[in-house]
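Here the structure comes first, spelled out in structure tokens, and everything after it is commentary.
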Amino acid sequence: MAIEENIPIISSNLASILELSKGQLLASLETLGQPKYRAEQLWRAIYREGRTSFEDMTNLSKDLRGVLSQNYSIGNAITVLSKQSADASTDKILFKLPDGELIETVLMRYEADGHRRGRKTVCVSTQAGCALGCTFCATGQQGFRRNLTTGEITEQVLTMERLARSEDEKEIEAGTRSRGELQGVTNVVFMGMGEPLANYENMMEAIRILNDPKGIGIGARHITVSTVGLVPGIEKLATEDVQINLAVSLHAPDNETRSETMPVNKRYPIEQLIEACQYFVKKTNRRIFIEYVLLKGQNDTPLHASKLGRVLKDLLCHVNLIPVNPTGEGPYRRTEYREAQRFQSDLKKFNVPSTVRMEKGIDIDAGCGQLRDRALALEN
Ligand code: SF4
């Protein structure tokens, strides 16, 4: 594991310009007597070109750059730690926010395979801590601290975008990639710290900014929101005009088993959750990803498989079966690959499609366990 602590730090007590929607940015520049196209230039400089300083935006007038520098920063998170996995496929950054809260963001690199291009996926956090208390999750054990702002969410992607683009540039210089293949971040998954649907408005605003073709321009179909099942949030998401993907962490086929590890199930039991999923499919015509972390003896028996098959048989979905990566002194053990395959063939009897995702070595403790594999599963 490589640990790099002396990487560039962006820190400021000024208001972060990343908190402004495009409309607010326009209004702010208007009050400074600036024409509309200046807001477009500024937006592009921040989100497309990834500028970290107003002074570098030389297409803006010197006066405007001065005013912006006096009033705004471009993000307020401080990078306190950056780690890379031994195989260089995954980077995790620990950010400190102005009020001292710490959050994590992960960049995962996937090589091109026979039928897909290489990808760079960012996993973002939406809350500091989390109120939902899933027993298998380290964040859940910390309790809830606060929601992240829109700017704090987009800043995570912007930072990783700069990293991803600088890697692209190095490859272009080395002649292993052409300029037309400049790619940066290709996918974003909302499955870091916190429950995204519990911070709905800020999450959606961040998605709109990330999706803006004049900014970073991440396609809606390359954005996935992962929830433990907040029913009102799923119903609301179904009616949004941005066609993003939905992943639901189910992890158990019946209420009794699910409530043991996911307290949220007492508020929104499985029947209600599946109904909300059906509604999402009906409104969006999109398949849902069902995440099912296999916990040895807890939710991986043939009985659990057949119960799961019955629960999901009428839902347009794809199940990702993820044998848990045991961490620290937790009570859970990992389901063997053979047993995972048996679970999969039991599901097949109900015509429920699934994939078994074995963990790859994660040596940087990237998020709530198996993050890398869960993210990969969501993209296939
Ligand atoms: S798994 Fe997600 S929802 Fe559950 S406690 Fe962890 S961060 Fe919160």
Notebook entry, point to check: So what is the relative contact order for region 78-379, in percent, with contacts set as C-alpha pairs under 8 Å and at least six apart?
Noted result: 14 percent
Check: So for region 10-73, Kirkwood radius off the Cα pairs, Stokes-Einstein at 10 °C and 1.306 mPa s: how many µm² s⁻¹?
Finding: 135 µm²/s
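How many percent of the alpha carbon pairs in region 125-281 exceed a separation of 27 Å?
On the way: 3877 of 12246 pairs.
That tail contains 32 percent of the Cα-Cα pairs.
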Check: Which of Cys123, Cys130 comes first, and how do the rest follow, when ranked by fewest Cβ neighbours within 10 Å?
Finding: Cys130, Cys123
Margin query: Starting from the Kirkwood Rh over alpha-carbon pairs, what translational D in µm² s⁻¹ does region 78-379 have by Stokes-Einstein at 20 °C and 1.002 mPa s?
Written below: 109 µm²/s
Next item on the list: Of the listed pairs Lys296/Lys349; Lys83/Lys236; Lys266/Lys296; Lys214/Lys236; Lys92/Lys349; Lys170/Lys214, which have alpha-carbon separations greater than 29 Å here?
Entry: Lys83/Lys236; Lys92/Lys349
Notebook entry, point to check: Fewest to most neighbouring Cβ within 10 Å: what's the order for Glu104, Glu195?
Noted result: Glu104, Glu195
Check: Quick one: putting +1 on the C-beta of Lys and Arg, -1 on the C-beta of Asp and Glu, what dipole do you get for the chain around its Cα centre, in Debye to the nearest 20?
Finding: 940 debye
Note to self: Please list, ordered by chain and number, the residues whose modelled amide H lies under 5 Å from the amide H of Ser249; skip anything fewer than 5 residues away on the same chain.
What the structure shows: Thr227, Val228, Gly229, Glu291
Notebook entry, point to check: For the peptides 219-225, 49-55, 188-194, what is the packing order when you average, over each peptide's residues, the other Cβ atoms within 10 Å and list the highest mean first?
Noted result: 188-194, 219-225, 49-55
Checklist line | Per principal axis, descending, Cα span of region 51-153 in whole Å | finding: 53, 42, 23
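How would Leu321, Leu42 line up from fewest to most surrounding beta-carbon atoms within 10 angstrom?
Numbers: Leu321 24, Leu42 27.
Starting with the residue having the fewest Cβ neighbours, the order is Leu321, Leu42.
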Check: How much length is gained on full extension from Asp241 to Ala138, taking 0.36 nm per residue of separation minus their Cα-Cα distance?
Finding: 33.7 nm
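Here, each number is a calculation from the coordinates, and none is a lab measurement. Just so it is clear, the model here is predicted, and its values are computed rather than measured. Quick reminder, even Gly has a Cβ in these numbers, built from the backbone with ideal geometry, and neighbours come from all protein chains shown.
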